[in-house]
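Undergrad: First the structure, which I've put down as structure tokens, then a few questions once you've had a look.
The values are calculated or read from the model by the stated rules, or taken from the named source; none is laboratory data. Please read these numbers as outputs of a predicted model, since none were measured by experiment. Because the Cβ atoms are built from the backbone with ideal geometry, glycine has one as well, and the counts that use them run over all protein chains shown. When the accessible area is computed, the model is the full protein with side chains, heavy atoms only, and any ligands, DNA or RNA have been set aside. Shrake-Rupley method; radii C 1.70, N 1.55, O 1.52, S 1.80 Å.
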Protein chains: 2
Amino acid sequence: MKPKVGHIQFLNCLPLYYGLVKSEALLDLELIKGMPTELNNLLINGKLDISPISSIEYARHHKSLVLFPEFTVSSDGEVKSILLVSRSPIETLSGKKVALTTTSATSQVLVKLILSRGYNIEAEYITCQPDLGTMLAEAEAALLIGDIALRHYLDRQGMYLYDLGAEWKKLTGEKMVYAVWAVNRSFAEAQHALNEHVFEIFKTSMDYSMEHLPEIAEYAARWEPFSPFFLMDYFRSLRFTFDKEYQEGLLHFYNLAKEIGAIEEVPELEFISIHPGVKI
Amino acid sequence: MKPKVGHIQFLNCLPLYYGLVKSEALLDLELIKGMPTELNNLLINGKLDISPISSIEYARHHKSLVLFPEFTVSSDGEVKSILLVSRSPIETLSGKKVALTTTSATSQVLVKLILSRGYNIEAEYITCQPDLGTMLAEAEAALLIGDIALRHYLDRQGMYLYDLGAEWKKLTGEKMVYAVWAVNRSFAEAQHALNEHVFEIFKTSMDYSMEHLPEIAEYAARWEPFSPFFLMDYFRSLRFTFDKEYQEGLLHFYNLAKEIGAIEEVPELEFISIHPGVKI
């Protein structure tokens, strides 16, 4: 059986997808696309072997998962696609309702941390489908992620906009890791060669992508309501690495998340071991 | 928006998929994979723009669909993956139960035609999930299609096996068209350039595939429980064309299907017009 691999259906993962197509990797993977929270559930329930997973969900389920090294969806400051959109300034949200998109897990915790730690604000949180009109009918501010957030980034319609990557950097000075790639532990233990094969495929694809970002931005602009220039700028805001500084940023996030009760324990970052050159 | 295109997740459509990957077509299509009956429903309900559809379902919904020229899943005689598996000889099935897989539409009609017209047998038909054990617990014979049928073709376990492609040829002397590719009429009318673009992508991919069948058989054998030799033989049993003889075979099938009340009318085969060389 081909490994069942999740793929986030947002522009943030389009560079990886582009690389996967160009390297013909889709012959060796069964790629299942979805929103982050859909993929989280599929991975946790064993319906996917390998998938991006919201970093907060990795912490909640780390006993049954092992991390892929080197890959994340992160930012070092501004991220553009994880936004708090508010009718009034963030400083005035105490006691107000904040609507959280159901498509996100990590950002739901991140926005609470930023409001409570960064602004000393206790808001009332509700969850909603990701539609700004509906959300702002129910609440004073709304957390949006992904492509829909990007559209509001470009057309803020008189709203106050807070970029949660930039806010996290302001609060902690750290990088922020929104999603990691994880392998189901049972699959990881039974399928060493396949793990490494998929890892190599990802690495080849991501290397290709990073060298062809302008081409990818041109391509994406054919199908998406964004200019190549803006897409290029967006792709450059994103980081896909899992270097030591990103691991530190993530552990810092986990520590704060534990303090507000969003996770029970700070997990160790446990990676699958990779032996370069192994072929299946 | 990229065109939403269905893809049959059976080995019979693997050559096309291989060509789509090799030609990097998956950058320009949103490919949705599924069983034939799943794709039928998605296309008919407008969730797909272009998709393979069981040929009998095209007849039932032809008013809202237009055909792609040149592409079908067909056979000229033996097909190997559409089988009636029976505990007793086909001649003895009168009054017995025959279990029909829920994954098929065209073959459900085809098996009734072959039993009634070819063998003068009136059986009792029930529908079941495609699991031979369950089916034969309920019935004397079972219609299986796709990869699960192929496995029984190779390991018949003392059962009587009837290949419906071969039986159709014996009954009528004709080719048999199991699936066609169709476009939602509203999409076809609004998106001429995209139709033609997808058609060209398919043509390029299929041409590539037909020239690389041994390579595709080798590749598929890495992931499937079949030898490259058997897969090659299987791919050669299949026909993907929609030549005049296949159109005649299909219309013959529709005429007989109408006689047994499986469709209300024999549709005209209405194709989208293609202007070679158009680029989007």
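Undergrad: If you count only protein heavy atoms and use a 1.4 Å probe, how large is the accessible surface of A:TRP181, to the nearest 10 Å²?
TA: Ignoring ligands and nucleic acids, A:TRP181 comes out at about 10 Å².
Undergrad: Could you work out Rg/(2.2 N^0.38 Å) for chain B, with Rg from alpha carbons only?
TA: It is 0.98.
Undergrad: Using a Cα-Cα cut-off of under 17 Å, which aspartates and glutamates could be cross-linked to B:LYS244, ignoring same-chain neighbours fewer than 8 residues away?
TA: B:GLU70, B:ASP76, B:GLU174, B:GLU268, B:GLU270
Undergrad: Separate question: Could you please point out the chain B residue with its Cβ nearest to the axis of the rotation taking chain B onto chain A, and the distance in whole angstrom?
TA: Nearest residue, distance rounded to whole Å: B:LEU26, 3.
Undergrad: Let me ask another. Give the interface area between chains A and B as buried accessible surface, both sides summed, probe 1.4 Å, in Å² to the nearest 100.
TA: 1900
Undergrad: Principal axis lengths of segment B:82-172 from Cα atoms, whole Å, largest first?
TA: 27, 26, 25
Undergrad: Express in Å², to the nearest 10, the accessible area of B:ARG117 obtained by rolling a 1.4 Å probe over the protein heavy atoms while all chains stay in place.
TA: My reading of the accessible area for B:ARG117 is about 100 Å².
Undergrad: Still on this structure, please answer the following. Run the numbers on chain A and let me know its relative contact order in percent, using alpha-carbon pairs under 8 Å that are six or more apart.
TA: 29
Undergrad: Please report, in debye to the nearest 20, how large the charge dipole of the protein assembly as shown is about its Cα centre when each Lys and Arg carries +1 at its beta carbon and each Asp and Glu carries -1 there. Spell out each step's value before the answer.
TA: Numbers: 52 positive and 74 negative charges, 110 e Å.
So the dipole magnitude of the protein assembly as shown works out to roughly 520 debye.
Undergrad: Using Cα-only point scatterers and the Debye equation, what is log10 of I(q)/I(0) for segment B:1-144 at each q in 0.11, 0.21 Å⁻¹, rounded to two decimals?
TA: The Cα Debye sum returns log10 ratios of -0.49, -1.29.
Undergrad: Next question, about the same structure. When Cβ neighbours within 10 Å are restricted to other protein chains, what is their mean count per residue of peptide B:122-131?
TA: Details: counts 0, 0, 0, 0, 0, 0, 0, 0, 0, 0.
Per residue, the average neighbour count from other chains is 0.
Undergrad: To one decimal in nm, how far is A:LYS96 from the same spot in the other copies, if labels go 7 Å from Cα toward Cβ? Please give the shortest first.
TA: Spacings between copies for this position, smallest first, are 7.4 nm.
Undergrad: If one computes the Cα centroid of segment B:46-117 and of segment A:90-139, what distance in Å separates the two points?
TA: Distance between centres, Cα-based: 52 Å.
Undergrad: Right, something else. Report, to two decimal places, the Cα Rg of the protein assembly as shown normalised by 2.2 N^0.38 Å (N = number of residues).
TA: For the protein assembly as shown, the normalised Cα radius of gyration is 1.10.
Undergrad: Right, here's the next one. Need one value for A:219-225: mean number of C-beta atoms belonging to other chains within 10 Å of its residues' C-beta atoms.
TA: Per residue, the average neighbour count from other chains is 2.
Undergrad: Considering only protein heavy atoms, what is the solvent-accessible area of B:ARG185 at a probe of 1.4 Å, reported in Å² to the nearest 10?
TA: Here the residue's solvent-accessible area equals roughly 50 Å².
Undergrad: How long are the semi-axes of the equivalent ellipsoid of segment A:102-241, taking √(5λ) for every eigenvalue λ of the Cα gyration tensor, in whole Å from largest down?
TA: On the way: eigenvalues 189, 100, 46 Å².
Sorted largest first and rounded, they come to 31, 22, 15 Å.
Undergrad: Evaluate peptide B:19-26: per residue, the Cβ atoms of other protein chains within 10 Å of its Cβ; return the mean as an integer.
TA: Partner-chain Cβ atoms within 10 Å, mean over residues of B:19-26: 3.
Undergrad: Taking only protein heavy atoms into account and a 1.4 Å probe, give the accessible area per residue of chain B in Å².
TA: 40
Undergrad: Can you pull the percent of the protein assembly as shown's accessible area that's carbon plus sulfur, 1.4 Å probe, other chains left in place?
TA: 49
Undergrad: Shifting gears a bit: Would you kindly work out, in nm and rounded to one decimal, the distances from the label point of A:GLU218 to those of the same position in each other copy, ordered shortest first, with label points 7 Å along Cα-to-Cβ?
TA: 3.4
Undergrad: Distance cut-off 18 Å, Cα to Cα: go down the list A:LYS2/A:LYS33; A:LYS63/A:LYS203; A:LYS80/A:LYS258 and report the pairs above it.
TA: A:LYS63/A:LYS203; A:LYS80/A:LYS258
Undergrad: Place the label 7 angstrom along Cα→C-beta at A:GLN157 and in each other copy, then list the distances from the first to the rest in nm, shortest first.
TA: So the distances to the same position in the other copies read 5.9 nm.
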